[in-house]
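I have placed the structure first, in the form of C-alpha cells, so that the comments after it can refer back to it.
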Amino acid sequence: MQLGMIGLGRMGGNIARRLMNRGHEIVAYDRSSETVAALTQEGATGVDTLEGLVASLQAPRAVWVMLPAGEATESTIDTLAKLLDADDVIIDGGNTFYKDDIRRAQALKPQGIHYADVGTSGGVWGLERGYCMMVGAERAIFERLDPLFDDLAPGYGDLERTRGRNAPDDRAERGYIHAGPVGAGHYVKMVHNGIEYGLMQAYAEGFELMQSKSSSALPEDQRFELNLADVAEVWRRGSVVSSWLLDLTAQALAGDSRLDHYTGAVADSGEGRWTIDAAVEQGVAAPVLANALFARFSSRKENTYANRLLSAMRFGFGGHVEPPK
C-alpha cells in the first residue's frame with residue numbers, strides 16, 4: 001500500500017521503516033532534509049514540500065501525520081486540506097487531544113476528505129516490537145487502512161492468548177482495534193497514558209521505599225542494603241507485578257543502580273492532564289492518576305530516587321530526555 005508520511009522523528013521514522021520492511025511504498029516528508037535523505041537511502045521516495053508529497057501519491061491518497069500535538073499538527077493538516085481531494089484520508093498518529101480530532105473531521109467533511117486518529121503506543125521499540133494502535137475513524141476507512149495497521153502491529157507473538165475470549169474479530173489480539181468514530185482512538189490512548197503515569201509512579205515509589213531502607217534514621221537492626229537490580233530482575237519472573245515497564249526498570253538498574261545520571265525532572269506530554277480533565281468532566285474519581293500527574297510537577301523541584309527512576313523508565317520506552325532545569 002502507498003502512504004505519505006509527514007514527520008520522521010523517533011516514531012514517524014520507524015513507522016515508515018516498519019512499513020517499508022513489509023513491502024509498503026512510503027513517500028516521506030520532514031522539515032529536516034537530512035532526515036528525508038536518510039530514509040530515501042532506505043527505499044522511501046523523499047520529497048521536500050507537502051505539495052510534492054501529495055503529487056507523488058495516487059488517489060485515493062492516505063497521508064499519515066506524525067508530529068507533536070498542537071500548532072505543528074494543526075498547521076500541517078490545514079495545509080493538507082487545501083491540497084487533498086475528496087475520498088483522500090488524513091491520519092493523525094501523534095498525541096493529539098481527541099476533541100481536536102472531532103473538530104478537524106467536521107471541518108474536512110464538506111470537502112469529502114476523511115480523517116482517522118490513531119493512538120499509537122510502542123515508543124522507540126516499535127520498529128522491532130510493533131505498535132499497539134487504537135483507531136478512531138469511520139468503519140469503512142478503518143478497513144481501507146487495515147493493511148497498514150496489520151503490518152505495523154506486533155501480531156500474536158508469543159503472548160499467551162486470553163482464556164475464554166471468543167471474539168469474532170482477532171485484531172485486538174494482534175495489536176490494533178477500531179476503537180470507534182473519530183476521536184475514539186486518541187481518547188483511549190489518552191486514558192492509556194494516564195494509566196501509564198500511575199503504573200510508573202507505583203514502581204517509582206516502591207523502589208524508593210526499598211532504596212531508603214538503609215537509612216541511618218532507622219534502628220540499625222531494621223536497615224537493609226537491598227540490591228534493587230536483583231529485586232527488579234526477580235520480579236520480572238513469575239511476579240504479579242511483572243510488565244514491560246518493570247523490564248525497562250530492570251534494564252536501567254542493571255546499568256546504574258543509583259541512577260545518578262538522571263536528575264529526576266520528569267516531563268509530562270499533556271495526555272495525563274487531559275485524562276484528569278476528562279475525569280472531572282465525566283464525574284469519575286481518578287485519584288491515582290491525578291496524584292501521578294502532580295508527582296511529575298513536583299519532580300521538577302525534587303531530585304529523589306523515585307523521580308530518577310521515572311526518568312529512566314521514560315527514556316527506556318520513549319527516548320524522552322529530561323527537560324532542562
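Name the helices (runs of 4 or more DSSP H) wholly within segment 91-183 that hold at least 3 residues that are of a type outside the set (Val, Ile, Thr) and out of contact with any helix residue (DSSP H, G or I) (no Cβ under 7 Å at 6 or more places or on another chain)?
Filter on segment 91-183 gives 98-108, 139-152, 171-174.
Go through segment 234-251 residue by residue and tally those that are touching a helix residue (DSSP H, G or I) at 6+ places or on another chain (Cβ under 8 Å) and either under 19 Å from PHE315 (Cβ atoms) or touching a residue at least 40 places away in the same chain (Cβ under 8 Å) (or both).
9
Of all residues being open to solvent by 50 Å² or more (accessible area, probe 1.4 Å) and of a type in the set (D, E, K, R) in segment 93-109, which is nearest to TYR176 (Cα to Cα)? Just the residue, please.
Looking at the filtered set, the residue picked out is LYS99.
Taking the condition more than 22 Å from GLY318 (Cα to Cα), modelled with pLDDT of 95 or more and part of a loop (DSSP other than H, G, I, E, B), does ALA37 pass?
So ALA37 does not fit the description; no.
Conditions first: (1) open to solvent by less than 70 Å² (accessible area, probe 1.4 Å); (2) free of Cβ contacts under 8 Å to residues at least 60 places away in the same chain. GLU220 passes all but one, so which condition is the exception?
(1)
With the requirement that a residue be over 12 Å from TYR98 (Cβ atoms), charged (D, E, K, R) and open to solvent by less than 60 Å² (accessible area, probe 1.4 Å), what does segment 264-285 give you?
If the condition is that a residue be over 12 Å from TYR98 (Cβ atoms), charged (D, E, K, R) and open to solvent by less than 60 Å² (accessible area, probe 1.4 Å), then ASP268 is the only one that fits.
Take the residues in segment 253-263 that are surrounded by 21 or more Cβ atoms within 10 Å (Cβ to Cβ) and hydrophobic (A, V, I, L, M, F, W, C); name whichever of them is modelled with the highest pLDDT.
By that ranking, first place goes to LEU253.
Might you let me know whether segment 73-84 holds any residue that is at pLDDT below 95, part of a helix (DSSP H, G or I) and either acidic (Asp, Glu) or within 14 Å of the chain's Cα centre (by Cα) (or both)?
no
Is it true that some residue in segment 151-161 is closer than 16 Å to ILE91 by Cα, open to solvent by 60 Å² or more (accessible area, probe 1.4 Å) and modelled with pLDDT of 95 or more?
Checked segment 151-161: no residue is closer than 16 Å to ILE91 by Cα, open to solvent by 60 Å² or more (accessible area, probe 1.4 Å) and modelled with pLDDT of 95 or more.
The values are calculated or read from the model by the stated rules, or taken from the named source; none is laboratory data. Values in this document were obtained by computation on a predicted structure and should not be read as measured data. Backbone-built Cβ (ideal geometry, glycine too); neighbour counts: all protein chains shown. Protein only, heavy atoms only, side chains kept; ligands, DNA and RNA dropped before computing areas. Shrake-Rupley method; radii C 1.70, N 1.55, O 1.52, S 1.80 Å.
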